[in-house]
Each structure stands twice: as structure tokens, then as C-alpha cells.
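**Student:** After the C-alpha cells below, expect a handful of questions from me.
The values are calculated or read from the model by the stated rules, or taken from the named source; none is laboratory data. None of these values were measured; they are calculated from a predicted model. Cβ atoms come from the backbone with ideal geometry, glycine included; neighbour counts cover every protein chain shown. Heads up: the accessible areas ignore ligands, DNA and RNA and are worked out on the full protein's heavy atoms, side chains in. Shrake-Rupley method; radii C 1.70, N 1.55, O 1.52, S 1.80 Å.
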Amino acid sequence: MTGHANHKGPTGWCRTLMGGALALSTLTAGSTAMAADPVTLKMWALVNENYPELIQTATEEFRKANPDVNVELESIPNEAYKTAIQVALVGSEPPDIFFNWSGEDAARLARSGLALDITDLGAEEGNYRNVLSEAWQQAFAVNGRQYGIPVDAVSKYFYYNTRFFDEHELKVPATFDQLLGLCGKVREIDPEMVPLPLGNSERWKLNHLITVINERVLGLDAVRADYALETADDEIFTNPDYEKAWGKVLAMQAADCFQDAPNATSPEVSRSLFSAEISPMIFCGTWCMSIFDKEGFTDYALFRFPPMTDGASDGSTNMVIPQGFQISAKSEHPAEAVKFASFLVTADMARLYAELRGAIPSNPEKVGEMDATEQFKWVAKDVGSLSESFSVLDVMLEAGVSEAYLDMGVEVLNGSKTPAEAMGVIRTAAVEGKKKLAAGQ
Amino acid sequence: MGSRFRWVQVLLYGFVSLWSLFVLLPTAWMVIGAFKTKREFFLDPLGMPASFDFDAFERAWGTGVGGFLLNSMFVTALSVLVIVVVSAMAAYVLARTDNRWMRLVYLVIVAGFAVPVQAVIIPLFQMVSGAGMLNSLFAIVLPYAAYGIPFTIILFYAFFLDFPRELEEAALLDGCRPVKTFFHIVLPLMGPAVASAAIFQAVFIWNEFLLALLMLTKPAVKTLTVGILQLGGEFTSDWAAIMAGLSIAVLPILTVFILAQKYFVRSLAGLGK
Amino acid sequence: MSDTSLAKPVTGPDASTWILLTPALGLVILFIVIPALLAIAGSFFTIGIGSTNWQFAGLANYTRALNDPIFWLALRNNLIMVVGSIVLQVGFGTVLAAILDRGLPRGSTLFRTIIFAPMVMSTIAVALIWLVIMDPNVGALNTLVKALGMQPPTQGWLGDPDIALWVILVIAMWQYTGFMMVLILAGLQGIPRELYEAAALDGARGLKAFRHITLPGIRNVLIVAVLITTIGGFKVFDLIFATTRGGPANATQVLGTYIYQQAFNLGNMGYANAISVVLLLIAVLLGWLQLQVSRRS
């Protein structure tokens, strides 16, 4: 039968259309079948210092052994990232490889079938499961299966201006009360000077702070079951020490540590205040090192969040968030995607990664050889000395509870909710979240 | 009486001048901000820049504002074209035919006028995504056209009710089919109504944000609204670059508006009629 | 040959009728009607972010909305946007239109152009400009307010849940008052001048003429203006998305942003559909009203 036969009859046009669609679908099926065709991997990551350069170098190196694979990086601003990635994954054009933090959000994408199970692909020759330690692999494990390639970990420290501290003979605080005292001393030196700027317009800055304060006040054992939503409905988040933890934030505010309008100040503004030496301290992630270095400000040192005399923690722990890449379940090139992401954690790439990003790489093999700043070396040593580590609330909690904790930070800081009221809202969200988890959503 | 009259007039001029100033100052501040340094922003938010160089414009342009501008132009032009042609065709039939089916069709289309895209964004996104329409400048034209059609049909419907039938009848006597009559006789006479509808739709499509945010995620296809939001996220504390990017985005449409303001005003004021 | 027989070939519902009608009807059905029906259907299901697994939930999404304080807060905020926008935009729009119509011997075109201009700017651009202007650390507004001897809000213009929504109302006023002004101005210019001259002979001018001639003359235009503003107040999304994303702490959350957050941030597609249906019903009702009024005039 020739093609012309299709055009006869009243529904001829319709059949032609279907024939065309069919031809089109066999065409695409053909192209995926041929492995030698050039493959373009779409990769999404956060807007980060040095990141495009890093991925470009990695791609060039990777292409030496895999000339048919190309990588296209798209950088998404932090604030929009979580939503943007979710919209993209639900849609028909998701990225093949995407950045994510280890935690509930990554696990939720795994449970809902949006992130690919890479347990077997990851174990193939040369891939990440043969390189990284079991502990690191746990970062993206859900029910014993692997859903992501951990690349590095970030932590959170107080940064201080060493020149300012020397000049005014200020000492690194050994307790939380000394930290409050430090805020007072800075205000004595210059009433207009903000001791510890807080840019909470995107809500996560205070969320990081309260994560650490919760640990310092309650200790890790007291919070574990609540965070995992495993406590009974009438007991969840009822420990009065959660309110006490919010009280510590208010104490910092009362000690004049923060500037006016923290909820309307962006994280970048607060960072700029520190790097422009307008403020002498800031609570910032380890990723801030590369930002300050790039801006040409290097007169800083770091200290860990000090313990509290009335708290359950001895201060030997810190927040450490593993992060890495997940693969979209809809990716047409999962093998290449896992291979490329695995390439990022090979010894040489991990070293470059650590150098350019100031992050703690998941593959520590060549960290000793790297060209690191004094501050980075100090951080690497400090993270290595921690007795235990914990994740941050907004990536570890169930989505609804995380949202409530983020919002309550704003309200407590604003004075529109008391710590007790805030915990009431969080409890309600936690009970709701338990229901959702039980329903398998 | 004369002096009282003058007093009132001073008062009235004062009021509109004050409002004009309220409108102009933020716009002027945007342009001036593009020339300020970060330090100048911190130390003297109200002050003028020490020097006028175009570095910030270069930084903003480097993120692809030019491409966003072209994408917006393309999407707007194509959508408006589709809306005008398709709506005119449908409105013509609806105005010239009176039976139960046509009344039902008109009702469906009028109901579509009231549906805001925000209220159906979830299924709409799933549909366009399922159909493989993401990241395509051609594909986004279809929903844009769909949401512009109902109001345009309502406008054109009113126009056709007033249109002299004698012209069409003469054409039909000459043996023209209705389709030919429409394209050769009616469409060429629709000038003012088309201009008015086109400007109205162009303003809305040029500024549309939600669909563009969800459907256009690749940098190469982003339109201006989504592009400048990304600019805000990328430059975070580089306010000069943000202001430069905004200036590049806003000044062209403002220029077009000032040149053709009579038509803009007439078109948008038509909504009240 | 009578008129009716001549018109007949045009009215006959033949193939050409459908050729002209199908593109418009097809697009409207495909991109408006079907999504609206799907939103209604989806509101009775629990749908996860993967959106492959639909579990029938009956009215659960609606009862959840009834018990969700943030849903009510969002609805209340929409109402505040509506009432506030009517007072500010239609109110000032009317005053400005009245002045431009008869109050100024010259320069009214210039003023009209300036005041209308923000309407053609994208809301995202407007939001970003104001965001920098109101930044507590580098914004011009704080400096200006301090220079006038007043104290800017300590939590920032958009950082204080008590005032953020009012600040957004002012930005909306900045952008849309010119539009209302032009709309009403068109209505005013439709009033025959002779009416004013006749009234002046009877000794009615100024405010008295405004009340007895102007207001009745633009009654329908005013109703349309109020309806457009009302619909706009319920549909508001871009401005809030680009300034506060519904924050601080949901203080500026509206139905549009809450739908977006529930659907694309928290992955509750079914619940987001239920909120969508509420918005849909409000919008369809208002849209229908608007057309009724327009048709009467």
C-alpha cells in the first residue's frame, strides 16, 4: 500500500495525522536506542560562586573519556530553587541531574518517584558507590536504596573580623552568654555598628540559627523523635525547651546583636555588611568563605556556635548538611547522568571542588594536597573533630512542618508570636505532617 | 470670583503634579541607581552617583536581557496576531448567525473570559507539560491566545453588530462565499477595532508572568518578566546591575507608549464601554 | 427580494461557519474549559507531587480549607486588596480624571501620559524597583522618611506582617491608578458639555455640578471600574510573588500565591485545586457581573 491510499475517504486527514505522529514516535525511539548519538545532560544547580567554572572544567575533563556527552548547566537562585526544581520534575522537561540537599526534600522526591533509584547504576565500575564511604552514601539513602550522589557537605560558623577583634581586644566567646556580652561590647564601641547582621528575608537564615540553638538547648537525643515525626500526637514538640530555644533568639535580639528589620534584609545584604567591614561578625555557612575571599576580604577567622551554660549540649557538635546531585526519574540518559555525577566525586575533581568552593568534599583522598586557605584548613579540622553532626530544620523536616518552622522564625523575630504560640503552630503542622506521611504522600 | 478660581486651579495643578512626581521618582531612581556603586547605595541611598559609566548595563546585558527582550517581542507579536485573526473570524460568525448552537458557543467563550489563569494553573501546567509544550516560544502562544480570545471576541462581536450589512450582501450577491467575504470585505474595514484590541492584548501578554514562569525555564527562551526576576536572584546585592537590567526591560515599552500614547489610552479605556 | 432572504446564506450553519469558528472555540475549550473542569475534578482527590497517584478524597480538601487558618487569611487578604484598591485606585482615579477633564486649561495630555505610564510596565519590574527602594539598608525610602524627621518601621516596610499588605496596596496604587483614571476620563468625556452649561445657568457649578451631572453620567463606567479592580484584587499574584512571596509569615498570602505554594512548593496538588475552585467561582461570578453592566451601558 502506498502513502496515497491514506488520503482517501472522509477521515483521510485524520489518519494522515496519526501516521505522522507514529512516524515521529518511531523516530524518537530510534534516537534513544542509538547510544553513540551525542548526549546532552541538563544540569540544575544553585547560583553559587565559582560553580559555572567548576562544572565547565569538569565537563571538559569528562569529555576526554566520553566525547559524546555534553553538559548544560542552569543556575537557579537559592530562594526559588526548591519550588523550581519541583515544578520542573513534575513537568515534561526536567533536568537530568539536579542539585539537592540531603534530607526530607530529597527523600520525598524519591518516595514520589520523581528521583531515580540509582542503587545499581551507582555501583557500576568507576561510579560513586565504589569511591565514597558507606557513611557518605547514607546521605541520600531511602529505605536502603540510593537516590543521590553526595558531593560535599556544608556547615555553619560564626565569622569574625580578626582586625577588629584584635584592635578592641575582644575574645572569641566560650559560652552563649559571652556571645551576648560581645554584642553589647560592640555597641559600646560604636552604637551605630551592627554586631551580628541577620538577613532573614528568605527565612532560612534564622532557620539555620534556631536549628543550632535547638541542639545547644535540648541536645540531639531530645529532638530526634520529634524531628522524624515519630512522637505521639499529644506529645510531639511539647518539650518546653523548644520555647526556651526561641527565647535565646529573643535574647540575642534584646542584646542588640541584630540590625533593624532582619525580616526585610536579604542574606546578601547581611553578608555584604560583614565583608565591607561595617559589621564585625556574622553567622554564615562554610560557603561564605569563597564569597568573602572573592570579594577580597580575608581578615576573618571562625568559631563554632558556643555551648549554653543552661543547655544539654556541650557544644562539641555542629550542623553539617551533606549535599549532592539526584537524577530525574524521567531522564533519558540515566547511565550518563550517574557517570558524570560520579566523575564529580573522583579524587582530582573532589580536590578542585574543595578548592574552588571551600566545601568539605565527600571524597577526601586528595584534600591533603590541596591549596587551601588557613580558614578552610581550620574548618576541615574542626568538622573532623565533631562528636556528632545534625542537619538543618528546613531540609530535614517534613515539608509542612519545615514551612511552619520557617514562618515562626519570622513571627518570633517580629514579635508577633510568642515562643509558646509559635510552638503551638508548629505542633499543629507536625500532627498534620504525620497524617500525610502515614497516607504515603 | 477670579481669584478664587485661580486658587482652585493652583490646588488642582498641585495635586496632579504631586501625583506625577510620585510616579516619576521611582522610575528616575531606577535609572540613576544603575549608575551607582555598591558603596554609594550603602552610604547614601538617596544620593546621585559620582560618575556615569555603563558598567552595570554591561553586566546586566551579559545575562541575556537582549535575548529576553527579543523573546518577549516574538511571543507578543505572534500571540496578538493569532488572537486578532481567530477572534475576528469567530466573532463574525457569531454576530451573523442566530441559532441555539451559536448562542451556546458564545456563552462558552464569554465564560472563558471570567476564568483567571491562576485558578486553573495546576491542570493547565500538567496539560501543556504532558503535551511537550515546555520551553517553546511557539507553544506558549497557544495558551496566551486562548486567554486573549474571549475578550477580543466580545469586542469584535459588538463591532460586527454595528457593521453595515449592505457591503457583505453585495459581496454575497457577486457569489462570494462567506469565508471569502470575511477576508476580502470585512477584515480590511476593521482597522480601528483591531488596533484597539491588539494594543490591549499586547500590554497584557508583554507583562504576563505566571505561565511564562512555569513554561519557560531555559534561559534561551525566557521572556522579559521571568528574565528580570532571575536577574534579581542572580545579582542579589549588585543593585546597580539589577537597576540597569530593569531599565533595559522597561524603557523600550515606555518609549513605545509615549510615542503611541493616544492609541494606548483609547484602547485600554475601551474596557469601560 | 426581501432583506431576510438575502441574509440567509450568511446565517446558514454550513461548513464555512465552522471553519471560521473552530480555531477560537478549540483554543478556548482546550486551554480554559478543560483545565477548569480538571481543576474541579482534581479538587476531590488527594494528589501527590508525582501527580500520577490520585486517591479519591471526597470533600476532604474543602473541609481542610475550612479549617485552614492560612486559607482564611489569604481570602481576607484578597478582600483587603479589593477594598483597598477600590478606595485608592478608583477613588484617586476619579479625582484625577475629574481634574484632567475640566480643571486644567493646559497640560492635561502630559499629566495623563505620565500618570498612566506605570500601567504598561510589567508588574515584576515594578515590584523589583520598589523592593530596592524599600530595602531597609540601601533603600531611598528610609533615608527620605528619616530626612522628613520620621521613623521608618523598625521591621522594614515589607518585613513587618502588620504593614506589609498595606505597602503592597500602595505599590498597586502606583501602578494602576492611572489606568482607572483613563477609564473614568473616557466616561467623563462622554458627558455632553451642554449639560454643564445648562447647569451653570441654573447656578450649579463645582461640587454641585459634580454630584448632579458628573457622577450620574459616569455611573456605569464607575461600576465597571470597581468590578475590574475587584477582579484584579482577587487575581493578584505577580506583585506579591515578586515582593514577599506571601510573607512575612503569610501576612501577604493571597489565594493566588497560596495555590502556587500548596501546589508547587508543598506538593499538595489536590488541596491546591480546591482553593483554585474557590477562586474560580469568585472570578466567574464577578466576570459575569461585569459583562452584565457593560452590556447595559
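**Student:** Assess whether C:Ile129 counts as being of a type outside the set (S, T, N, Q), without any contact (Cβ under 8 Å) to a residue 12 or more places away in the chain and surrounded by 21 or more Cβ atoms within 10 Å (Cβ to Cβ). I'd like the intermediate steps shown before the answer.
**Tutor:** On the way: of a type outside the set (S, T, N, Q): yes; without any contact (Cβ under 8 Å) to a residue 12 or more places away in the chain: yes; surrounded by 21 or more Cβ atoms within 10 Å (Cβ to Cβ): yes.
When the stated conditions are applied, C:Ile129 passes them.
**Student:** Residue check: is B:Ala131 touching a Ser or Thr at 6+ places or on another chain (Cβ under 9 Å), open to solvent by 50 Å² or more (accessible area, probe 1.4 Å), in the same structural domain as B:Ala249 (by TED's automatic domain parsing) and of a type in the set (A, V, I, L, M)?
**Tutor:** Values: touching a Ser or Thr at 6+ places or on another chain (Cβ under 9 Å): yes; open to solvent by 50 Å² or more (accessible area, probe 1.4 Å): yes; in the same structural domain as B:Ala249 (by TED's automatic domain parsing): yes; of a type in the set (A, V, I, L, M): yes.
Answer is yes for this residue.
**Student:** Does the range C:166-188 hold any residues that are open to solvent by 10 Å² or more (accessible area, probe 1.4 Å) and more than 9 Å from every other protein chain (Cβ to nearest Cβ), and which are they?
**Tutor:** Within the range C:166-188, C:Trp166, C:Val167, C:Val170, C:Met173, C:Tyr176 qualify.
**Student:** Which one of these does B:Ala91 not meet: (1) of a type in the set (A, V, I, L, M); (2) more than 19 Å from C:Ile19 (Cβ to Cβ); (3) more than 7 Å from chain C (Cβ to nearest Cβ)?
**Tutor:** For B:Ala91, the failing item is (2).
**Student:** C:Pro153: open to solvent by 20 Å² or more (accessible area, probe 1.4 Å) and at the interface with another protein chain (Cβ under 7 Å from one of its Cβ atoms), yes or no? Reasoning before the result, please.
**Tutor:** Values: open to solvent by 20 Å² or more (accessible area, probe 1.4 Å): yes; at the interface with another protein chain (Cβ under 7 Å from one of its Cβ atoms): no.
For C:Pro153, the condition - open to solvent by 20 Å² or more (accessible area, probe 1.4 Å) and at the interface with another protein chain (Cβ under 7 Å from one of its Cβ atoms) - is not met.
**Student:** Is it true that A:Ser201 is among the polar types (S, T, N, Q), within 14 Å of another protein chain (Cβ to nearest Cβ), open to solvent by 10 Å² or more (accessible area, probe 1.4 Å) and under 29 Å from A:Val87 (Cβ atoms)?
**Tutor:** Details: among the polar types (S, T, N, Q): yes; within 14 Å of another protein chain (Cβ to nearest Cβ): yes; open to solvent by 10 Å² or more (accessible area, probe 1.4 Å): yes; under 29 Å from A:Val87 (Cβ atoms): yes.
Judged against the criteria, A:Ser201 is a match.
**Student:** If the Cβ limit is 9 Å and pairs must be 6+ apart or interchain, which residue in the range B:252-270 that is more than 9 Å from chain C (Cβ to nearest Cβ) pairs with which residue that is among the polar types (S, T, N, Q) and surrounded by 14 or more Cβ atoms within 10 Å (Cβ to Cβ)?
**Tutor:** B:Tyr263/B:Ser196; B:Ser267/B:Ser196
**Student:** Could you run through the range C:22-80 and say how many residues are on the phi > 0 side of the Ramachandran plot and either free of Cβ contacts under 8 Å to residues at least 60 places away in the same chain or out of contact with any helix residue (DSSP H, G or I) (no Cβ under 8 Å at 6 or more places or on another chain) (or both)? Quick ask: steps written out before the conclusion?
**Tutor:** Filtering the range C:22-80 for residues on the phi > 0 side of the Ramachandran plot gives C:51, C:58.
Those left that are additionally either free of Cβ contacts under 8 Å to residues at least 60 places away in the same chain or out of contact with any helix residue (DSSP H, G or I) (no Cβ under 8 Å at 6 or more places or on another chain) (or both): C:58.
Selection size over the range C:22-80: 1.
**Student:** Here is a further query. Of the residues that make up the range A:371-388, is at least one part of a loop (DSSP other than H, G, I, E, B), modelled with pLDDT under 85 and at negative phi? Spell out the reasoning first.
**Tutor:** Pass one, the range A:371-388, residues part of a loop (DSSP other than H, G, I, E, B): A:371-373, A:385-387.
From what's left, modelled with pLDDT under 85: A:371-372.
Checking which are at negative phi leaves us with A:371-372.
Scanning the range A:371-388 turns up at least one residue that is part of a loop (DSSP other than H, G, I, E, B), modelled with pLDDT under 85 and at negative phi.
**Student:** Okay, next question. Got a sec? Which of A:Met370, A:Met408 is hydrophobic (A, V, I, L, M, F, W, C) and within 14 Å of chain C (Cβ to nearest Cβ)? Give the derivation first.
**Tutor:** Working: A:Met370 fails: within 14 Å of chain C (Cβ to nearest Cβ).
Within the list A:Met370, A:Met408, the selection yields A:Met408.
**Student:** Let me ask you something else. Would you pick out the residues in the range B:94-120 that are within 9 Å of another protein chain (Cβ to nearest Cβ), more than 19 Å from the chain's Cα centre (by Cα) and open to solvent by 30 Å² or more (accessible area, probe 1.4 Å)?
**Tutor:** B:Asp98, B:Asn99, B:Trp101, B:Val108, B:Ala111 - these are the residues of the range B:94-120 that are within 9 Å of another protein chain (Cβ to nearest Cβ), more than 19 Å from the chain's Cα centre (by Cα) and open to solvent by 30 Å² or more (accessible area, probe 1.4 Å).
**Student:** Follow-up. From A:Gln178, A:Gln138, grab the single residue that is within 29 Å of A:Ile236 (Cα to Cα), out of contact with any strand residue (DSSP E or B) (no Cβ under 7 Å at 6 or more places or on another chain) and open to solvent by 10 Å² or more (accessible area, probe 1.4 Å).
**Tutor:** Working: A:Gln178 fails: within 29 Å of A:Ile236 (Cα to Cα).
Going through A:Gln178, A:Gln138 in turn, the sole match is A:Gln138.
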